[in-house]
Structure formats: structure tokens, C-alpha cells
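Trainee: Submitted below is the structure of interest, expressed as C-alpha cells.
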Amino acid sequence: MSEPTASVPHAARTGAREGGEIAFYALLALAAAACLVTIHLIFLKAPVEATMGIVQKIFYFHVPAAYAMYVGATVCFVGSAGYLARGTRLWDALARAGAEVAVTMGMMVLISGPLWAAKAWGVYWTWDPRLTTSMLSVLIYVAYVVLRAFAGDGESERKFAAALGVLGAANLPIIHYSVQKWGGNHPKVITTGGGGLQHPDMKLCLALGFLTFTLLAAVLVWTRVRIELAASRLAEKEEEAIELGAVED
């Protein structure tokens with residue numbers, strides 16, 4: 001009677017693992033398809049803007065990348081708060097994945113923005129409130145990533161990084177409202193008072209850009225969490241093997 005009861009949890013874990021694998025690869029395929037469709041529509045369907053020309057198409061990558069940076073930062077905040085409350089590896093892995101996605105997407109914002117600014121303003125960089133606060137936010141998550149990479153993996157290091165992940169989220173509303181509160185040169189395109197997107201295909205490309213970068217952020221977070229949890233399990237097995245070897249000696 002003991003064998004059937006012991007096999008049920010194992011079967012359940014196996015089924016859940018297989019279901020997770022299917023969901024992950026389905027999300028990966030969907031993200032890849034969304035990337036291809038979005039790039040196709042941006043360059044072959046969306047009209048060229050009359051004033052800025054083809055450079056305006058950077059907009060369809062720049063704004064969704066900024067949104068994806070917010071997504072990564074939010075994931076880092078949730079994971080950091082969860083780790084401080086629960087102290088489990090899953091929350092820590094989620095925080096670390098969110099921070100790395102925030103850095104990746106933030107770098108895309110800081111690279112694509114100056115390329116667009118060179119055409120719009122005649123200079124690659126100006127200390128505009130939104131640009132400055134965005135760079136500050138990216139640097140905060142770079143500090144998180146560097147801390148986790150070089151400061152060790154002890155509980156105190158993880159808690160310190162989690163506190164940084166929670167505090168880093170405080171800068172996100174400042175980025176969002178910096179243009180409304182402090183002005184600056186940064187354009188308002190899709191917010192109140194902005195120039196707007198006049199052509200329906202422009203709106204379609206922007207909407208698809210948001211969808212695509214959301215899927216990309218989800219894939220990157222999920223992938224990084226899987227890697228981090230696998231590394232944690234491997235480290236635990238190595239410690240167990242060392243302990244067993246010490247006992248046998």
C-alpha cells in the first residue's frame with residue numbers, strides 16, 4: 001500500500017514540470033512570432049513620419065523598451081519584497097531576474113533615445129529630467145546586478161540586494177511624472193497634450209511593440225528564474241555530496 005501513495009506526489013511533480021516546460025516553450029514561440037510580425041509591420045507597413053523621416057521608427061522600440069524596463073523593475077520589487085518577507089530562493093531568483101531585465105531594457109532605452117534625440121534635438125544627450133531619472137534608475141539596477149555578481153551569495157548579501165530592489169522602485173514614478181512636473185525637452189507623444197500618432201498603422205505598431213516587449217520581458221524573467229533555481233539546486237547537491245564524502249572519510 002505504501003508504493004502507490006509514494007508515487008502520486010512524484011507523478012504530480014513530473015506532470016507539473018512537463019506542463020511548465022510546455023508553457024515556457026509556448027511563450028517563447030509566441031514572443032518570437034510577435035517579434036517577427038512587429039518588425040515587419042514597423043518597417044514595411046507603418047508610414048514614414050513627415051518631419052523626422054525614418055528615424056521616427058525608433059519610437060516603436062524606444063517606448064516599449066521603457067515599458068519593459070518598468071516591468072522588470074516591478075518584478076524586482078515584488079521578488080525583493082517577497083524575499084524579505086519569506087526568505088525563499090524563488091523570491092530571490094525572481095528579484096534577480098527582474099533586475100537583469102530592467103538593466104537590459106534600460107540599456108535599450110538609453111541607446112535608442114540618443115539616436116532619436118540626435119535627429120530631434122541636434123544633440124545625442126541633454127540633462128532632461130526624464131533622461132536623467134531614467135539613467136539613474138538603470139544605474140540602480142546595474143548596482144543590484146553587480147552586487148549579486150561579486151558580493152557573494154550569502155543571506156546577508158541577498159537581503160541587502162533585496163532592500164536595494166525595493167528602494168529602486170521608488171524612482172519609477174519619478175521617471176513617469178518628471179515631464180509633467182519639471183518640463184524638459186522630452187516629447188509627449190501618447191500622453192495628454194502630446195502630438196499623438198496620426199496614422200492607424202502607427203498606433204498598431206506601437207500596440208504590437210508593447211505586446212512584443214512584454215512577452216520578451218516575460219520570457220527573459222522566466223528563463224533567468226529557471227537558471228537561478230537550477231543553480232541553487234546544483235549548489236545544494238554539491239554541498240550534500242561534500243558532506244557525505246566528509247562523513248565517509
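None of the figures in this text is laboratory data; all of them are computed from the coordinates on show. Please read all numbers here as calculations on a predicted model, not as lab measurements. Quick reminder, even Gly has a Cβ in these numbers, built from the backbone with ideal geometry, and neighbours come from all protein chains shown.
Trainee: What's the ranking of 94-103, 211-220, 153-162, 59-68 by average number of surrounding C-beta atoms within 10 Å, highest first?
Mentor: Most protected by this proxy first, the peptides run 94-103, 59-68, 211-220, 153-162.
Trainee: Could you list Tyr144, Tyr124 so that the one with the fewest beta carbons within 10 Å of its beta carbon is first and the one with the most is last? Could the numbers behind the result be given before it?
Mentor: Details: Tyr144 27, Tyr124 11.
So the residues, fewest neighbours to most, are Tyr124, Tyr144.
Trainee: In addition: Give a residue-ordered list of calculated ³J(HN,Hα) values for the stretch 233-239 (Karplus: 6.51 cos²θ - 1.76 cosθ + 1.60, θ = phi - 60°; whole Hz; x for Gly, Pro).
Mentor: Those phi angles translate into 5, 5, 5, 5, 5, 5, 5 Hz.
Trainee: Right, next: If each residue of separation counts as 0.36 nm, what is the full-extension length gain between Ala207 and Leu90 once their alpha-carbon separation is subtracted?
Mentor: Separation in residues times 0.36 nm, less the Cα-Cα distance, equals 39.0 nm.
Trainee: Let me ask you something else. How much FRET efficiency would the formula 1/(1 + (r/R0)^6) give for Thr74 and Ile111, where r is the Cβ-Cβ distance and R0 is 25 Å, rounded to 0.05? Mind showing how you got there, number by number?
Mentor: Values: r = 22 Å, r/R0 = 0.88.
So the FRET efficiency works out to roughly 0.70.
Trainee: So if each residue of separation counts as 0.36 nm, and I subtract the Cα-Cα distance between Ser232 and Leu136, what length gain in nm does that give?
Mentor: 31.5 nm
Trainee: Something else: Place a point 7 Å from the Cα of Tyr124 along the Cα-to-Cβ direction; which residues of the stretch 99-114 have their backbone N under 13 Å from it?
Mentor: Counting only backbone N, you get 110-114.
Trainee: Taking neighbour counts of Cβ atoms within 10 Å as a proxy for exposure, in what order, fewest first, do Val166, Val48 appear?
Mentor: Ranked by crowding around the Cβ, least crowded first: Val48, Val166.
Trainee: Can you list residues whose amide H is under 5 Å from Glu49's amide H, if they're 5+ apart or on another chain and H is modeled 1.01 Å from N?
Mentor: Gln56
Trainee: Provide the per-residue ³J(HN,Hα) series for the stretch 119-136, in order, calculated from phi with Karplus coefficients 6.51, -1.76, 1.60 and θ = phi - 60°, each as a whole number of Hz, with x at glycine and proline positions.
Mentor: 7, 7, 10, x, 9, 7, 8, 9, 7, 5, x, 6, 5, 5, 5, 5, 5, 4
Trainee: Here's another thing I want to ask about it. Between Leu28 and Ala149, 0.36 nm times their residue separation minus their Cα-Cα distance comes to what?
Mentor: 40.9 nm
Trainee: So for Arg226, Arg233, fewest C-beta neighbours within 10 Å to most, what's the order? Don't skip to the end; give the middle numbers.
Mentor: Values: Arg226 15, Arg233 11.
Listed from fewest to most nearby Cβ atoms, that is Arg233, Arg226.
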